[in-house]
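Working notes, structure below.
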Amino acid sequence: MDTTTLYQERFARIKKAINLEPVDRVPVIFMGMAFSAAYTGISMKDYCTKPNLAFHAGIDAMDRLGDMDGANVVVYGRIGAVLPALWMSRVKVPGRDLPDDALWQVMEAEVMTPEDYDTILKKGWGKFVTSYLPRVVSMWEFMPAVILTQLNIKRKMNEFRKHGYVVICDAEARPTVPFEALCGGRSMTKFFMDLYRTPDKVEAVMKVILDEELEAIRKAPTPEGIGGIWVGGWRGASAMIAPKIWDRFVWPYTAKLAEALVAKGITPVLHWDQDWSRDLERLKELPAKKCILNPDGMTDMKKFKKLVGDRMAMMGDIPSSMLAAGTPDDVHQYVRERVELFEGKGLLLCPGCDAPANAKPENMEAFVEAAHKYGTM
């Protein structure tokens with residue numbers, strides 16, 4: 001089969017899974033940044049600093065693993081330039097701050113100050129971020145990374161397509177979840193204290209951020225492919241925050257961002273690490289068959305299936321711990337149980353969060369093999 005036909009077949013399969021329609025086989029999706037470096041034999045230093053090498057490591061890993069339908073996201077490399085803007089934190093990278101084959105590390109520290117809240121209220125979020133980023137990343141690194149990424153988006157998407165792979169998160173919108181950005185900049189300890197000491201000011205800042213993010217979504221181009229984009233959740237997980245705090249500072253913003261994305265024809269991919277089981281019922285408030293839950297293996301999928309399995313697809317959730325420390329038999333059993341739980345509908349099989357650098361190759365290969373064995377309808 002030629003790659004154009006293969007791409008079309010895989011695209012249709014993924015769209016059906018998102019729409020909770022019957023499929024011939026459960027889609028198999030790749031997610032493994034650090035794993036792809038280790039699997040293809042390149043150093044973490046090179047993976048972080050040589051974007052073309054990092055990009056092709058992902059495609060090479062997918063080719064070696066076998067018949068995969070697509071990738072969760074496109075990896076552009078430049079970890080030391082990109083992650084600080086995402087986390088609002090300094091990032092240590094191998095070859096510069098760490099040994100060549102160490103994993104990059106987000107540095108937990110208070111960089112954003114309480115006074116910065118006032119700056120955001122006065123000047124706005126976008127202007128604040130422009131002045132803030134030099135605190136966490138060299139602008140000589142950051143600006144070329146942004147420009148080159150924008151220039152290469154279409155070329156790299158086409159490269160995936162030439163290999164017959166579908167990219168789930170191919171939309172150009174980049175929504176910022178207020179809770180996650182502020183928590184990253186302030187540090188978890190300081191920010192959680194802010195939520196209790198100055199809740200009204202934090203809420204006012206979040207509303208400023210939300211208004212600017214909603215406007216950016218409205219101006220974003222309508223995607224041509226799957227049209228997914230991450231709406232990330234890490235520190236805002238239900239297991240980490242009291243219900244009244246979560247209801248006030250996490251969910252309203254996540255929901256409004258998701259609704260705005262759907263209105264624009266973009267598919268929110270709720271990339272939720274940690275355990276969100278307590279609040280899964282709130283997902284009923286989002287438009288049906290328009291979003292994807294992308295958990296990491298900690299959220300209760302039986303509860304998810306019972307509450308919203310008729311409204312939302314799930315992309316996941318093979319645990320990183322299993323891929324690193326388990327056996328191929330463990331992976332086969334987990335995949336089979338997921339396929340049986342979802343009865344073949346509304347399921348895209350994928351490593352939870354991101355396959356780690358120390359994932360055993362035989363376990364990743366077992367993941368693909370099991371997906372085909374048990375996921376074929």
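Rolling a 1.4 angstrom probe over the protein heavy atoms with all chains in place gives the stretch 78-138 an accessible area of 50 Å² per residue. Considering only P144, I120, Y132, and ranking their Cα positions along the charge dipole of the stretch 101-161 that arises from unit charges at the beta-carbon of Lys, Arg, Asp and Glu, the one farthest toward the positive end is P144. Between the Cα long axis of helix 188-197 and the first principal axis of the chain there is an angle of about 50°, rounded to the nearest 10. Over all other residues within a Cβ to Cβ distance under 12 Å of R336, the charged ones net out to -3, with Lys and Arg as +1 and Asp and Glu as -1.
In degrees, nearest 10, range 0 to 90: what is the angle between the Cα axis of helix 139-162 and the longest Cα principal axis of the chain? Approximately 20 degrees, to the nearest ten. Between K244 and D2, the FRET efficiency from the beta-carbon distance, with R0 = 51 Å, is close to 0.35. Would you work out if the stretch 1-115 is rounded, prolate or oblate? Take a ≥ b ≥ c from the square roots of the eigenvalues of the alpha-carbon gyration tensor; rounded if a/c is under 1.5, else prolate when a/b is larger than b/c, oblate otherwise. Since a/c reaches 1.5 but b/c is at least a/b, the shape of the stretch 1-115 is classed as oblate. Of the heavy-atom accessible surface of the stretch 279-377 (probe 1.4 angstrom), what whole percent is carbon and sulfur? That share works out to 47 percent. Taking the 0 to 90 degree range and rounding to the nearest ten, how far is the long axis of helix 328-342 tilted relative to the main principal axis of the chain, both from C-alpha atoms? Between the helix axis and the principal axis of the chain, the angle is about 80 degrees. If R0 is taken as 35 Å, the Cβ-Cβ distance between K284 and Q333 corresponds to a FRET efficiency of 0.70. Distance between the 7 Å Cα→Cβ label points at A109 and K122: 2.5 nm. Place a point 7 Å from the Cα of Q150 along the Cα-to-Cβ direction; which residues of the stretch 165-183 have their backbone N under 17 Å from it? Taking a point 7 Å out along Cα→Cβ of Q150, the residues of the stretch 165-183 whose backbone N falls under 17 Å are 171-176.
Extension gain for K256-A324 works out to 20.9 nm (0.36 nm per residue, less the C-alpha to C-alpha distance).
If R₀ is 41 angstrom, what is the calculated FRET efficiency for the pair E203 and M143, using the beta carbon separation as r and rounding to 0.05?
E(calc), rounded to 0.05, equals 0.80.
The values are calculated or read from the model by the stated rules, or taken from the named source; none is laboratory data. Every value quoted in this text rests on a predicted model; they were computed, and no experiment measured them. Cβ atoms come from the backbone with ideal geometry, glycine included; neighbour counts cover every protein chain shown. Ligands, DNA and RNA are stripped out before the accessible areas are found, and what is left, the full protein with its side chains, is counted by its heavy atoms. Shrake-Rupley method; radii C 1.70, N 1.55, O 1.52, S 1.80 Å.
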